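J.: Below you'll find the structure I mean.
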Amino acid sequence: MPISAIGAVEKLTAQLDNNNIVQYQLPLAAIDNNNEQQSIALNPLIGKKLTLLFQGKIACKHCGKSTKKSYSQGFCYPCMTKLAQCDMCIMKPETCHHHLGTCREPQWGEQHCMVDHYVYLSNTSALKVGITRHTQIPTRWIDQGATQALPIFKVSTRLQSGLVETALAEFISDKTNWRAMLKGSNEIIDLKAQANILIPKIAQRLADITLKFGDDAVQLLNEEVVEIAYPVSQYLTKISSFNFDKTPTVSGILLGIKGQYLIFEQGVINMRKFSSYQIRVEY
């Protein structure tokens, strides 16, 4: 008899083990008083049949109200329009407006945006630049499917991290090519050498940021490259994605997990995209 669990999808949680291999779990939030939050260890399921059945219901992960469509990965439309974590500045940190007094939730901004951030280089399918809060290392890199990552700057706020990131993005990508990321292991990149090439190119922009925010606004780091390995038994040569709205049942042999994607024989599914979807899991 297969084991089954039911609940609302939350983004995959992950940790690096002692061998720098990612250990994944699928959290399922409780959907009523009759069940509890659960967490399914996914690595032991690789090579086995896994079935995900969408139950036809989506409940906002903030207010709990039923919604026909999920916005910003798990919210209803009203919450999406009023919560700071759903504002456009989350996607574009250089547009952070907390200092202007116009943040949707100033206290949330104090806790999440007015704190130390890191600017990093990573290898997802190619060289890219990104930012993350100090509490989200290495989680952010794992979520993006990076096989290597190197923090290069520490800054005091989200806004400052965005300004540094946009400066670097004039020379390298700030986006992950998710299809390429899911096709296999990347060629190794010498991230330290790349940092040594890129940093002088943004010297004037860094000077401008320092002049505006203070001498300690941007700190150059000397960190080691973090190597990350993913539990994937076989990569796909052609990537097609499953969508619960179109295909309520996703089932097959689980080949692996990378980023926020479950990799099946016939395609992949981005679990974070379907946050708050109520599903039954059978394995």
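A short reminder: the numbers here are calculations on the coordinates, not readings from a lab. From a predicted model like this one, the values you see are computed outputs, not experimental measurements. Every residue, glycine as well, gets a Cβ built from its backbone with ideal geometry; the counts of neighbours run over all protein chains shown.
J.: If you take the square roots of the eigenvalues of the alpha-carbon gyration tensor of segment 49-207 and sort them as a ≥ b ≥ c, do you get rounded (a/c under 1.5), prolate (a/b over b/c) or oblate?
T.: oblate
J.: Gap in Å between the Cα centre of segment 94-135 and the Cα centre of segment 248-283?
T.: Answer, in whole Å: 28.
J.: Determine the relative contact order of the chain: mean sequence separation of Cα pairs under 8 Å and six or more apart, normalised by residue count, in whole percent. Display every interim value, and only then the final one.
T.: Working: 579 pairs, mean separation 83.6, N = 283.
Result for the chain is 30 percent.
J.: If you take the charge dipole of segment 116-227 about its Cα centre, with +1 on Lys and Arg Cβ and -1 on Asp and Glu Cβ, which of 195, 162, 180 is farthest toward its positive end?
T.: 180
J.: Let me ask something else. Along the principal axes of its C-alpha atoms, what lengths does segment 116-227 span, in descending order and rounded to whole Å?
T.: Projected onto its principal axes, the Cα set of segment 116-227 covers 43, 28, 23 Å.
J.: For residue 61, give me every one of the lysines with a C-alpha distance below 16 angstrom, ignoring sequence neighbours fewer than eight places off in its own chain.
T.: Hits, sequence-local ones excluded: 11, 69, 82, 273.
J.: I've got another one for you. With N set to the residue count of segment 151-283, report its C-alpha Rg divided by 2.2 N^0.38 Å to two decimal places.
T.: Values: Rg = 19.8 Å, N = 133, 2.2 N^0.38 = 14.1 Å.
Cα Rg divided by the expected 2.2 N^0.38 Å: 1.40.
J.: Specify the residue with the greatest mean-square fluctuation among 175, 154, 65, computed from a Gaussian network of the chain linking alpha-carbon atoms under 10 Å apart.
T.: 65
J.: As I understand it, the dipole of the chain uses +1 on the Cβ of Lys and Arg and -1 on the Cβ of Asp and Glu, about the Cα centre. Which of 147, 30, 250 lies farthest toward its positive end?
T.: Farthest towards the positive pole: 250.
J.: Size of the dipole of the chain about the Cα centre, Lys and Arg at +1 and Asp and Glu at -1 on the beta carbon, nothing else charged, in debye to 20? Mind dumping the intermediate values first?
T.: Working: 29 positive and 24 negative charges, 220 e Å.
The calculation lands at about 1060 debye.
J.: A follow-up question, please. Could you work out the helix-only [θ] at 222 nm for the chain, with each DSSP H run of four or more residues adding -39,500 (n - 2.57) and the total divided by the number of residues, to the nearest 500 deg cm²/dmol? All intermediate terms of the calculation are to be shown ahead of the outcome.
T.: Working: 8 runs with 56 residues, N = 283.
Mean residue ellipticity, 222 nm, calculated: -5000 deg cm²/dmol.
J.: Still on this structure: Could you give the dipole magnitude of segment 116-227 about its Cα centre, charging the beta-carbon of Lys and Arg +1 and that of Asp and Glu -1, in debye to the nearest 20? Walk me through the numbers on the way to the answer.
T.: Values: 12 positive and 13 negative charges, 71 e Å.
So the dipole magnitude of segment 116-227 works out to roughly 340 debye.
J.: Additional query: Relative to the first principal axis of the alpha-carbon coordinates of the chain, what is the inclination of helix 158-168, with its axis defined by its Cα atoms, in degrees from 0 to 90 and to the nearest 10?
T.: 80 degrees
J.: Here is a further query. Kindly provide the pair-distance distribution of the chain built from C-alpha pairs, with 10 Å bins from 0 and whole-percent values in order of increasing distance.
T.: Going out from 0 Å in 10 Å bins, the chain shows 6, 26, 32, 25, 10, 2, 0 percent.
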